[in-house]
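Structure first, then comments.
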Amino acid sequence: DKGELIPRKKLRGKKAAMKKILEEMKKHARNGTDYDGKVYLCQSDSLEDAEQLAGMIKDNFPNIDGDVEINNIGTVIGSHTGPGTIAAFFWGDERVD
């Protein structure tokens, strides 16, 4: 709400981070694993990891609307987050702080 980039969690390793994203999505997606909306991923120099996470999402959310769309993180956000960043976007129950 304040326009700040704030780390939410610190995890060791890509796999742990991807599992955490999936866990948070299960917890907060509208209708849980019955979520039927769109899912978007943004990535920074981590296309293979984003594709792997997209597959995990498809396996756990069989009713999503179409494919998981993967885009690049822009230069402004990317300059703050660095390479290897993946972010997931979906409609959920509340804004997660």
Requested in this report: Please report, to one decimal in angstroms, the Kirkwood hydrodynamic radius of the chain built from all distinct Cα-Cα pairs.
Outcome: 13.9 Å
Query - Estimated dipole of the chain in Debye, rounded to 20 [Cβ of Lys and Arg +1, of Asp and Glu -1, Cα centre] - result: 520 debye
Report summary line: The distance between the Cα centres of region 1-31 and region 50-97, in whole Å, is 10 Å
Report summary line: Between the Cα axis of helix 47-60 and the main Cα principal axis of the chain, the angle (0 to 90°, nearest 10) is 20 degrees
Requested in this report: Scan region 1-50 for GluC sites (Glu not before Pro) in coil per DSSP, keeping those whose Cβ has at most 12 other Cβ atoms within 10 Å, and list them by number.
Outcome: Glu4
Query raised in the report: Restricting attention to the chain, which trypsin sites (Lys or Arg not before Pro) occupy a DSSP loop and are surrounded by at most 14 other Cβ atoms within 10 Å?
Result: Lys2, Arg8, Lys9, Lys10, Arg12, Arg30, Lys38, Arg95
Report task. Whole number in Å², please: accessible area per residue of the chain, 1.4 Å probe, ligands, DNA and RNA not counted. Result -> 70 Å²
Report summary line: For region 51-97 the GluC sites (Glu not before Pro) that pass both the DSSP coil test and the at-most-12 other-Cβ-within-10 Å test are Glu94
Report summary line: In this structure, among Lys9/Lys38; Lys2/Lys26; Lys27/Lys58; Lys2/Lys27; Lys38/Lys58; Lys10/Lys58, pairs with alpha-carbon gaps over 19 Å are Lys9/Lys38; Lys2/Lys26; Lys2/Lys27; Lys10/Lys58
**Report entry** List Ile64, Ile6, ordered by accessible area with a 1.4 Å probe, largest first
**Finding:** Ile6, Ile64
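The values are calculated or read from the model by the stated rules, or taken from the named source; none is laboratory data. In this text, all values refer to a predicted model and were calculated from it rather than measured experimentally. Cβ: placed from backbone, ideal geometry, glycine included. Neighbour counts: every protein chain shown. Ligands, DNA and RNA are stripped out before the accessible areas are found, and what is left, the full protein with its side chains, is counted by its heavy atoms. Shrake-Rupley method; radii C 1.70, N 1.55, O 1.52, S 1.80 Å.
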